[in-house]
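Asker: Quick one: the structure is below, and I'll ask about it shortly.
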């Protein structure tokens with residue numbers, strides 16, 4: 001894994017957490033071990049994970065295990081305005097994720113397994129990577 005900023009999308013987080021992708025889980029473990037890797041996401045990730053765990057009947061405490069070491073970007077008015085300004089079609093929560101990634105201003109690598117999120121991120125000039133592929 002290369003040192004740098006990584007923006008964690010919900011699709012990869014959930015694939016790793018629910019055991020749907022060994023690649024996603026392995027990537028997250030490697031990122032956690034790499035002292036030079038900075039893993040960030042939107043604060044909305046915590047809520048999305050919580051809702052998914054409740055839907056699946058799994059312990060909400062699993063969320064904290066996954067989020068250890070992930071910096072969470074607060075949802076601000078500026079981020080919501082940036083999300084509203086994204087022209088290509090993308091779901092609302094994904095737009096908030098993309099606006100959060102752009103707000104970092106550090107050219108993060110967007111780690112996603114969502115094809116639409118990937119395409120729109122690239123359209124916005126962000127680099128992408130899919131460890132679950």
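Asker: All but one of (1) within 13 Å of the chain's Cα centre (by Cα); (2) farther than 11 Å from residue 7 by Cβ; (3) without any contact (Cβ under 8 Å) to a residue 40 or more places away in the chain hold for residue 115, so report the exception by its number.
Answerer: (1)
Asker: Counting only residues that are part of a helix (DSSP H, G or I) and either in contact with a helix residue (DSSP H, G or I) (Cβ under 6 Å, 6 or more places away or on another chain) or in contact (Cβ under 8 Å) with a residue 12 or more places away in the chain (or both), how many does region 26-36 have?
Answerer: Keep residues of region 26-36 that are part of a helix (DSSP H, G or I), which gives 26-33.
From what's left, either in contact with a helix residue (DSSP H, G or I) (Cβ under 6 Å, 6 or more places away or on another chain) or in contact (Cβ under 8 Å) with a residue 12 or more places away in the chain (or both): 26-28, 30-32.
Summing the residues that are part of a helix (DSSP H, G or I) and either in contact with a helix residue (DSSP H, G or I) (Cβ under 6 Å, 6 or more places away or on another chain) or in contact (Cβ under 8 Å) with a residue 12 or more places away in the chain (or both) in region 26-36 gives 6.
Here's the yes/no breakdown for (1) buried (at least 19 other Cβ atoms within 10 Å of the Cβ); (2) over 13 Å from the mean Cα position of the chain (by Cα); (3) within 23 Å of residue 127 (Cβ to Cβ); (4) in contact (Cβ under 8 Å) with a residue 24 or more places away in the chain:
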site: 4; (1), (2), (3), (4): no, yes, yes, yes
site: 38; (1), (2), (3), (4): no, no, yes, yes
site: 42; (1), (2), (3), (4): yes, no, yes, yes
site: 48; (1), (2), (3), (4): yes, no, yes, yes
site: 57; (1), (2), (3), (4): no, yes, no, no
site: 62; (1), (2), (3), (4): no, yes, no, yes
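Asker: Check residue 28 against each of (1) at pLDDT below 95; (2) within 22 Å of residue 115 (Cβ to Cβ); (3) loosely packed, with under 15 Cβ neighbours inside 10 Å and name the one condition it does not meet.
Answerer: (3)
Asker: Among the residues of region 64-106, write down those that are in contact with a helix residue (DSSP H, G or I) (Cβ under 8 Å, 6 or more places away or on another chain), more than 24 Å from residue 123 (Cα to Cα), free of Cβ contacts under 8 Å to residues at least 40 places away in the same chain and surrounded by 12 or more Cβ atoms within 10 Å (Cβ to Cβ).
Answerer: Passing the criteria: 67, 69.
The values are calculated or read from the model by the stated rules, or taken from the named source; none is laboratory data. Small disclaimer: the values here were computed from a predicted structure and weren't measured. No Cβ is skipped: glycine too gets one built from the backbone with ideal geometry, and neighbour counts run over all protein chains shown.
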